[in-house]
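Peer 1: Structure incoming, see below.
The values are calculated or read from the model by the stated rules, or taken from the named source; none is laboratory data. Predicted model, so just to flag it, every value in this text is computed and none were measured. Cβ placement follows ideal geometry from the backbone for every residue including glycine, while neighbour counts extend to all protein chains displayed.
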Amino acid sequence: MNRHIEEIRRGRNLRSIKKNVYISCEGKTEKAYLVGLKKQFSQKVNIKISYTNKTNAKDIVKNLKSKFKSEYEKDDLRYCIFDCDENSSQDLLVAKELATRENAKIIFSNPCFEIWLLWHFENNFSYQNSRDKLKKLIENYIRPAYWTLNNNPNLYELIKEHLKTAQMNYYQRKEQLERENINWYSRESNPFSNLDDLYSDLAAL
């Protein structure tokens, strides 16, 4: 009996020290990916995700605030995940200012999230101007029609064995941009994604 009570107490203590992670993002593909990421780290952190159909960068940040502001605690981690897409330089600037006020980190993909998926399979730093073309490139490695949670609830599981390749490509591209004096958080950084910042933060907890 006493042993059972002690086990329950330990379980409560583990839950109480879990860090909370709040994420606001757009996109069906992102949702399919993040569901798997959340599952992987569920024993370490409480990840709460709010998805929105809006694609403007500042709206993604506003969504984080409107959904989770009342739940924030000082040490909680906060992320806004969005694509460059049609966001103007001014849109990106406003979003960054809003994210700074919310103490939120920006996870930015240029032109879109699919470049992060492609980097799991190949070193491709060529300028990308079409989400559909990126999808075709990815479909050289994994089956088509994986783009939504309904079509493939295991997108993360499908590609996570290639994570080190994606990470290597991310760091190579980031260094390349630094050498060329190009800000990664800009329209000029195409192609780019720092999704690994989210993964690495979670892994470090």
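Peer 1: Please go through region 81-132 and pick out each residue that is crowded, with 19+ Cβ neighbours inside 10 Å, in contact with a Cys (Cβ under 6 Å, 6 or more places away or on another chain) and outside any loop (DSSP other than H, G, I, E, B).
Peer 2: ILE81, ASP83, ALA99, ILE106, ASN110, listed by residue number.
Peer 1: Can I ask one more? Name the one entry in ASN56, ASN46 that is at pLDDT 95 or above, surrounded by 17 or more Cβ atoms within 10 Å (Cβ to Cβ) and polar (S, T, N, Q).
Peer 2: Checking each option against the conditions leaves just ASN56.
Peer 1: Report whether or not GLU73 is surrounded by fewer than 20 Cβ atoms within 10 Å (Cβ to Cβ), more than 16 Å from the chain's Cα centre (by Cα), in contact (Cβ under 8 Å) with a residue 24 or more places away in the chain and over 21 Å from GLN167 (Cα atoms).
Peer 2: When the stated conditions are applied, GLU73 passes them.
Peer 1: For region 133-162, what are the residues that are out of contact with any Asp or Glu (no Cβ under 8 Å at 6 or more places or on another chain) and either at pLDDT 95 or above or assigned to a helix (DSSP H, G or I) (or both)?
Peer 2: Hits for region 133-162 are LYS133, LYS136, LEU155, TYR156, GLU157, LEU158, ILE159, LYS160, GLU161, HIS162.
Peer 1: Now for a different question. For residues that are in a helix (DSSP H, G or I) and among the polar types (S, T, N, Q), scanning just region 1-40, find the one that is modelled with the highest pLDDT.
Peer 2: My answer is GLN40.
Peer 1: Still on this structure, please answer the following. Determine, yes or no, whether LYS67 is touching a Ser or Thr at 6+ places or on another chain (Cβ under 7 Å), assigned to a helix (DSSP H, G or I), among the basic types (Lys, Arg) and surrounded by 14 or more Cβ atoms within 10 Å (Cβ to Cβ). Steps first, answer last, please.
Peer 2: Values: touching a Ser or Thr at 6+ places or on another chain (Cβ under 7 Å): yes; assigned to a helix (DSSP H, G or I): yes; among the basic types (Lys, Arg): yes; surrounded by 14 or more Cβ atoms within 10 Å (Cβ to Cβ): yes.
Judged against the criteria, LYS67 is a match.
Every residue, every condition in (1) buried (at least 17 other Cβ atoms within 10 Å of the Cβ); (2) more than 16 Å from the chain's Cα centre (by Cα); (3) in a helix (DSSP H, G or I); (4) without any contact (Cβ under 8 Å) to a residue 40 or more places away in the chain, yes or no:
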residue: GLN172; (1), (2), (3), (4): no, yes, yes, no
residue: GLU175; (1), (2), (3), (4): no, yes, yes, yes
residue: ASN183; (1), (2), (3), (4): no, yes, no, yes
residue: ASP197; (1), (2), (3), (4): no, no, yes, no
residue: SER200; (1), (2), (3), (4): no, no, yes, yes
